[in-house]
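The values are calculated or read from the model by the stated rules, or taken from the named source; none is laboratory data. Computed from a predicted model, the values in this text were never measured in an experiment. Heads up, the Cβs are rebuilt from the backbone with ideal geometry, glycines too, and the neighbour counts pull from every protein chain shown.
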Amino acid sequence: MLKRTLLCILLVGSCGLMATAQAQQFIYKWTDEQGQLKYSELLPPPGVPYETVRKPGGVASGAETKDLAKEQEELARKLAEEEAKTQEQQEQAQKEVADARAKNCEIARKNVEVLQGDRPVVRADAKGNKVTLDAPQREAELQKAKKDQDYFCNP
């Protein structure tokens, strides 16, 4: 009876070890909320569709190892390409902001120059009619132009 109990415990324990060893050989593949591909030995969050990349079955063969290595190299290459693309987009956006700032600076400088000059300043009103600025209007516009110049020309 003791032998039988001991044999059952040994059998159940070895089955548990085999199941644990096999469970650790699953690799799950899924896409997260940000659209990034994820690989893990842990199950993804509930409700997230996934696929099993490597199934249990002992030691991987040479062909499976090469396939995994190729897949890892491909993923690394794609990641590097995406990072380079993101970096390029950020640099382009920074260049566009700098270009717009330089253009606005030049416009503000010209406005200040015109408003400080002796010639009459004319602008269009809401109806599209040309109106000459009087001294108080001109001074107010000059103050606005100086603020614009300070903002756009002094980063």
*Which pairs do you get when a residue that is within 23 Å of residue 152 (Cα to Cα), found in the range 83-101, comes within reach of a residue that is not in a helix (DSSP H, G or I), reach meaning Cβ atoms under 8 angstrom, with the pair 6+ apart or on two chains?*
101/155
*asked:* Just the residues that are in a helix (DSSP H, G or I) and either touching a strand residue (DSSP E or B) at 6+ places or on another chain (Cβ under 9 Å) or acidic (Asp, Glu) (or both), please, taken from the range 109-136.
replied: 113
_Take the conditions in a helix (DSSP H, G or I), free of Cβ contacts under 8 Å to residues at least 60 places away in the same chain and in contact with a Leu (Cβ under 6 Å, 6 or more places away or on another chain) and apply them to residue 141. Does it pass?_
yes
*asked:* Only one of 140, 100, 108 is more than 37 Å from the chain's Cα centre (by Cα), among the small types (Gly, Ala, Ser) and modelled with pLDDT of 90 or more. Can you tell me which?
replied: 140
*asked:* Name the single residue that is surrounded by the most Cβ atoms within 10 Å (Cβ to Cβ) among those in the range 144-155 being over 17 Å from residue 97 (Cα atoms) and in contact (Cβ under 8 Å) with a residue 12 or more places away in the chain.
replied: 145
